[in-house]
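Below is one structure; the comments refer to it alone.
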Amino acid sequence: MSEVAAPRRSWAERLDWRQLLPRLLAPVAALLIAALISSIALVISDKDPLAAFSSMLDYGTQPDSLVDILNKSTDYYIAAVAVAIGFRMNLFNIGVDGQYRLATLVAAAVGAAPFLDWAPGFLRIVLIVVIAMLVGAFWAGVAAVLKVTRGVSEVISTIMLNFIGGQIVAFLLTTNHLGVQAKGSNDVTTPVLPKDAWLSGIPLIPGSASDVKGFVVVAVLVGVGYWFLLGHTRLGFDLRASGQNATSAVASGVNARRMVLYAMLLSGGVAGLVGLSELLGERHAYSSSVGGLGFTAIGIALLGRNSPVGIALASLLWAFLARASQILDIEEIPKEIITIMQGTTVLAVVVAYELATRLSRRAQQRRVGAAVSEPGPDKSADRSEVPA
Amino acid sequence: MSTDVAPAAPPAGAGEPPAVQLRGITKRFPGVVANHDIDLSVRRGSIHAIVGENGAGKSTLMKTLYGMHRPDEGEILIDGERVVFGSPQQAINVGIGMVHQHFMLADNFTVLENIVLGAEKLHGIGGAAARRIREISKQYGLGVDPDVLMEDLGVGDRQRVEILKVLYRGARVLILDEPTAVLVPQEVDELFDNLRQLTREGLTIIFISHKLHEVLAVADAITVIRRGTTVASVDPREVTSRQLATLMVGSELPSPEVRESTVTDERVLSVTDLAVHTADGRPIVNGVSFTIHRGEVVGIAGVEGNGQAELIEAIMGMRPATGRVVLDGVDVSQWSTRARREAGLGYVPEDRHRQGLLLDAPLWENRMLGHQTESPNARGWLLDNRGARRDTARIVASYDVRTPGIDVPAGALSGGNQQKLIVGREMSHAPKVLLAAHPTRGVDVGAQAAIWEHIKRARREGMGVLLISADLDELIGLSDSLKVIFRGRFVEDADPATVTPEQLGLAMTCAEGPDE
């Protein structure tokens with residue numbers, strides 16, 4: 001058996017490159033197109049694009065910027081993985097925003113609750129993470145149950161749940177319920193977490209006074225978990241199969257409804273983690289400023305093609321652009337240029353990936369055609385052979 | 001029988017240029033030569049058959065003629081004049097029409113609307129168009145009523161609408177791509193009558209098929225294509241179907257027939273009162289009962305759409321159904337599809353692209369599909385990618401799946417090779433019962449023979465098979481017993497040892513009245 005496999009694998013390696021190359025080139029091409037379009041916008045507004053880009057690059061690679069970029073991309077990454085889990089099954093979880101706001105609020109409130117005074121900080125952190133995931137999963141699960149039992153499109157229901165979630169958060173975050181108001185402040189937040197439940201930073205970037213938030217480790221774990229789930233578990237296979245070809249998946253024995261439920265719960269569970277980096281590492285309390293990453297995450301998941309590594313690169317890029325935009329204001333270049341750039345990147349990337357997919361499919365068919373038609377002019381001899 | 005490539009000399013209308021002439025047509029696709037040095041000469045007012053097995057290059061050739069792509073070499077002459085087509089529209093303009101194998105009709109439109117769609121400029125969309133349709137219908141004896149709703153028409157009628165659609169656009173040369181694939185024998189006869197009527201009126205018909213007895217019955221001239229080139233032009237009066245088959249495949253045609261019976265009296269699958277209903281409560285499968293024994297192939301004959309697809313899906317547990325399904329003594333009626341598969345139901349689905357494969361996934365992942373919980377694909381809740389890859393290499397080798405490797409996406413393989421992969425995958429788990437729906441549809445002769453051989457071997461080893469096929473020869477040849485399904489019920493049993501395709505076709509269509 002292994003004799004059969006051995007020579008074929010060398011073929012496969014060569015084939016893989018043909019398949020991969022267009023897919024690697026696609027995002028690069030898309031970025032160049034996006035840069036071109038933003039340059040045009042800059043030229044129209046009488047600014048020098050090259051100067052703008054070089055000052056962005058300059059500022060974006062400062063040590064302090066790198067710390068900020070890593071911190072931002074931690075949140076982006078987790079949120080985008082949450083979206084990507086849904087995408088892999090053709091589910092559109094637009095509700096990441098509502099899911100993590102609700103999750104962060106409840107987790108922050110429980111984490112700071114007095115009945116936990118006996119608990120060591122580490123336990124509190126674990127508890128906060130678990131509760132956030134559960135609440136996120138629960139909120140996404142509402143959409144899943146609606147879809148499975150009533151056929152409600154998850155696109156509609158998750159959007160609606162964002163609003164409902166927002167209202168619930170606003171209701172709970174009052175001094176009558178979970179909120180407290182610090183003296184001399186208008187801000188209502190949850191009670192501040194005890195100091196031992198603060199997640200310390202990691203001095204990752206030399207030359208910067210600030211640390212990278214410790215939650216970056218969780219983001220990496222999420223990525224590894226996502227990769228492992230997709231490629232190495234039965235659940236992941238069922239998930240991918242359902243996304244690629246729902247009818248084939250059903251015929252293969254996948255329970256479509258259950259998969260919708262699982263995928264949404266997983267997606268929501270991961271979404272629940274999005275706000276925790278800030279909660280545990282910076283603010284130590286839930287404030288109304290949490291939220292707003294849901295749509296960014298969709299763009300990043302698209303850009304990263306739902307792959308664990310791709311999303312990581314996309315998150316870093318996004319965070320870089322967000323950070324670098326700050327210098328533009330100082331140089332009196334409208335920083336909306338960054339929004340243009342992000343928008344065109346997503347658009348160009350979607351087009352470029354589609355092209356790349358077609359190209360690589362055609363290349364594959366060519367190779368198969370070539371390899372299969374290689375034998376001599378008449379294959380009637382091997383036609384009748386039937387393996388025993 | 002003349003096997004030279006020169007066109008059979010037309011006795012009538014000598015001197016008149018042929019309606020269609022192709023000279024030295026070569027079409028390369030990257031890496032493959034789909035057609036090379038094709039020569040073809042079609043006499044006006046004749047039915048010219050082009051035969052060749054699946055993948056021989058018939059469709060490529062016809063796409064060239066219909067302007068869907070340009071040949072790399074060679075020339076096309078219509079009525080003696082050289083033409084170059086950049087698009088089908090240009091082909092239509094010089095009077096070439098194509099009737100596709102898969103109908104391109106909108107169900108919720110009337111016949112009139114379907115015909116004028118895209119040709120509104122010719123006679124408008126109202127009374128004038130309807131008059132023209134009636135005129136054509138009368139002239140060629142097609143019997144098409146422009147005001148009927150498409151969904152009320154049967155397959156044969158739909159095909160006539162497709163033909164009329166082409167005539168309406170002024171076609172003088174009709175290309176029919178595998179027109180009989182969807183028809184029962186009686187409908188085939190009607191179609192042939194229609195075609196003869198068309199040629200009497202001076203039209204020219206190019207008839208693509210790989211069903212030799214049909215070709216011999218209807219064609220005035222035959223051109224055989226093998227491996228991308230024309231290998232012979234023959235006169236149907238001078239050739240037998242056996243000779244034609246030899247020309248076509250370069251060897252003897254395989255036959256599905258099984259000789260010795262391997263049926264035992266051990267029941268392996270019993271289905272009792274199985275019923276499937278639509279959402280609005282209409283029965284699609286209506287109280288069906290049957291038993292399959294170890295080593296037995298039970299064939300189900302029926303015109304497509306009479307509940308056979310739903311029956312198989314219900315047995316697989318993919319569709320809600322009532323009734324009992326007992327697999328090897330265990331009642332699995334309430335089990336999920338996965339549990340049924342694990343218990344030993346194998347499934348070769350009717351539509352491999354929709355139900356059998358992940359086209360963008362590599363072969364080894366497709367090998368897991370449907371068995372992703374079983375060894376060698378999984379250990380516990382984890383996938384065993386390495387095991388699956390190794391086993392895929394084995395399947396590729398022993399089921400003769402022609403591919404450069406197991407990392408190629410399934411969509412890049414030809415239909416026959418995809419099907420061999422599916423059959424290999426299902427057989428690898430030693431199913432107790434295989435549900436095979438059209439197992440050789442759209443696969444080449446070589447793959448067909450191999451698939452038949454695999455089914456026969458598994459049957460010898462004690463597997464039970466439920467076989468559904470539109471290919472009546474296959475059905476009669478492979479089955480140990482036959483049932484005819486009509487409107488969701490078994491209406492007749494037939495003995496494959498004695499029944500002919502014609503009798504079976506009759507039972508499939510005229511089963512509604514006891515007086516028949």
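The values are calculated or read from the model by the stated rules, or taken from the named source; none is laboratory data. None of the values given here were measured: they were computed from a predicted structure. Reconstructed Cβ throughout: ideal geometry from the backbone, glycine too, with neighbour counts over all protein chains shown.
Being exposed (fewer than 13 other Cβ atoms within 10 Å of the Cβ), assigned to a helix (DSSP H, G or I), away from chain B (no Cβ under 11 Å) and at pLDDT 90 or above is the requirement here; does A:VAL28 meet it? Answer is no for this residue. Out of the residues in segment B:275-294 that are out of contact with any Lys or Arg (no Cβ under 8 Å at 6 or more places or on another chain) and of a type in the set (S, T, N, Q), state the one that is surrounded by the fewest Cβ atoms within 10 Å (Cβ to Cβ). Here the residue is B:THR278. Evaluate the following for B:ILE485: is it closer than 28 Å to B:HIS371 by Cα, in the same structural domain as B:ALA393 (by TED's automatic domain parsing) and either among the hydroxyl-bearing types (Ser, Thr, Tyr) or buried (at least 20 other Cβ atoms within 10 Å of the Cβ) (or both)? Spelling it out, it is not the case that B:ILE485 is closer than 28 Å to B:HIS371 by Cα, in the same structural domain as B:ALA393 (by TED's automatic domain parsing) and either among the hydroxyl-bearing types (Ser, Thr, Tyr) or buried (at least 20 other Cβ atoms within 10 Å of the Cβ) (or both). Of the residues in segment A:217-236, not one is surrounded by 18 or more Cβ atoms within 10 Å (Cβ to Cβ), of a type outside the set (Ser, Thr, Tyr), more than 19 Å from A:GLY269 (Cβ to Cβ) and touching a residue at least 40 places away in the same chain (Cβ under 8 Å). Quick one: would you say B:LYS456 is away from every other protein chain (no Cβ under 13 Å) and at negative phi? Criteria not met by B:LYS456.
Run down A:LEU347, A:LEU359 and say which single residue is out of contact with any His (no Cβ under 9 Å at 6 or more places or on another chain), more than 10 Å from chain B (Cβ to nearest Cβ) and modelled with pLDDT under 85.
Numbers: A:LEU347 fails: modelled with pLDDT under 85.
Residue meeting the stated conditions: A:LEU359.
Per the listing A:SER287, A:SER242, A:SER248, the residue uniquely in a loop (DSSP other than H, G, I, E, B), of a type in the set (S, T, N, Q) and over 22 Å from A:ALA312 (Cα atoms) is A:SER287. Listed conditions (1) over 22 Å from A:ARG367 (Cβ atoms); (2) at the interface with another protein chain (Cβ under 10 Å from one of its Cβ atoms); (3) among the aliphatic types (A, V, I, L, M) are all met by B:LEU434, apart from (2).
Can you name the residue in segment A:224-240 that is more than 19 Å from the chain's Cα centre (by Cα) and of a type outside the set (Phe, Trp, Tyr) and is also nearest to A:PRO308 (Cα to Cα) among such residues? Step by step, filter segment A:224-240, then rank; the result is A:HIS232. When A:LEU66, A:LEU57, A:LEU36 are checked against the criterion of being of a type in the set (A, V, I, L, M, F, W, C), modelled with pLDDT of 90 or more and either touching an Asp or Glu at 6+ places or on another chain (Cβ under 7 Å) or buried (at least 20 other Cβ atoms within 10 Å of the Cβ) (or both), A:LEU66 stands alone in meeting it. Please go through segment B:112-136 and give me each residue that is polar (S, T, N, Q) and farther than 23 Å from B:GLN89 by Cα, ordered by number. Answer for segment B:112-136, where residues must be polar (S, T, N, Q) and farther than 23 Å from B:GLN89 by Cα: there is none. Output yes when any residue across segment A:220-228 is among the aliphatic types (A, V, I, L, M) and modelled with pLDDT under 95, and no when none is. There is no residue in segment A:220-228 that is among the aliphatic types (A, V, I, L, M) and modelled with pLDDT under 95.
Residues in segment B:233-263 that are at pLDDT 85 or above, farther than 19 Å from B:LYS58 by Cα and buried (at least 18 other Cβ atoms within 10 Å of the Cβ): B:VAL239 only. Just one of the listed residues (A:ALA301, A:ALA297, A:ALA314, A:ALA319) is touching a Lys or Arg at 6+ places or on another chain (Cβ under 6 Å), in a helix (DSSP H, G or I), in contact (Cβ under 8 Å) with a residue 40 or more places away in the chain and crowded, with 21+ Cβ neighbours inside 10 Å, namely A:ALA319.
Using the structure shown, decide if A:VAL290 is modelled with pLDDT under 95, touching a Lys or Arg at 6+ places or on another chain (Cβ under 8 Å) and aliphatic (A, V, I, L, M). Yes; evaluated as a whole, the condition is true for this residue. A Cβ distance below 9 Å, combined with a sequence gap of six or more or placement on separate chains, defines the contacts here; from segment A:328-340, residues that are surrounded by fewer than 16 Cβ atoms within 10 Å (Cβ to Cβ) reach no residue that is modelled with pLDDT under 85 and aliphatic (A, V, I, L, M). Any residue in segment B:461-480 that is within 14 Å of chain A (Cβ to nearest Cβ) and either of a type in the set (Lys, Arg) or over 16 Å from the mean Cα position of the chain (by Cα) (or both)? Yes, that holds for at least one residue. When B:ARG457 is tested against (1) over 30 Å from B:GLY287 (Cα atoms); (2) in contact (Cβ under 8 Å) with a residue 12 or more places away in the chain, exactly one condition is not met: (2).
Of all residue pairs spaced 6 or more apart or on separate chains, those with beta-carbon atoms under 7 Å, a first member in segment A:162-185 that is in contact (Cβ under 8 Å) with a residue 12 or more places away in the chain and farther than 16 Å from A:VAL290 by Cβ and a second member that is crowded, with 16+ Cβ neighbours inside 10 Å and among the β-branched types (Val, Ile, Thr) are A:THR175/A:VAL188. Checking B:ALA56, B:ALA34, B:ALA130, B:ALA49 one by one, the residue that is at pLDDT 90 or above and within 26 Å of B:ALA447 (Cα to Cα) is B:ALA49 and no other.
Any residue at all in segment A:265-272 that's part of a helix (DSSP H, G or I), of a type in the set (Val, Ile, Thr) and more than 14 Å from chain B (Cβ to nearest Cβ)? Yes, segment A:265-272 has at least one match.
For segment A:278-289, what are the residues that are aliphatic (A, V, I, L, M) and crowded, with 24+ Cβ neighbours inside 10 Å? I'd like the intermediate steps shown before the answer.
From segment A:278-289, those aliphatic (A, V, I, L, M) are A:279-280, A:285; that's our starting set.
Once the filter is applied, which keeps residues that are aliphatic (A, V, I, L, M) and crowded, with 24+ Cβ neighbours inside 10 Å, segment A:278-289 yields A:LEU279, A:LEU280.
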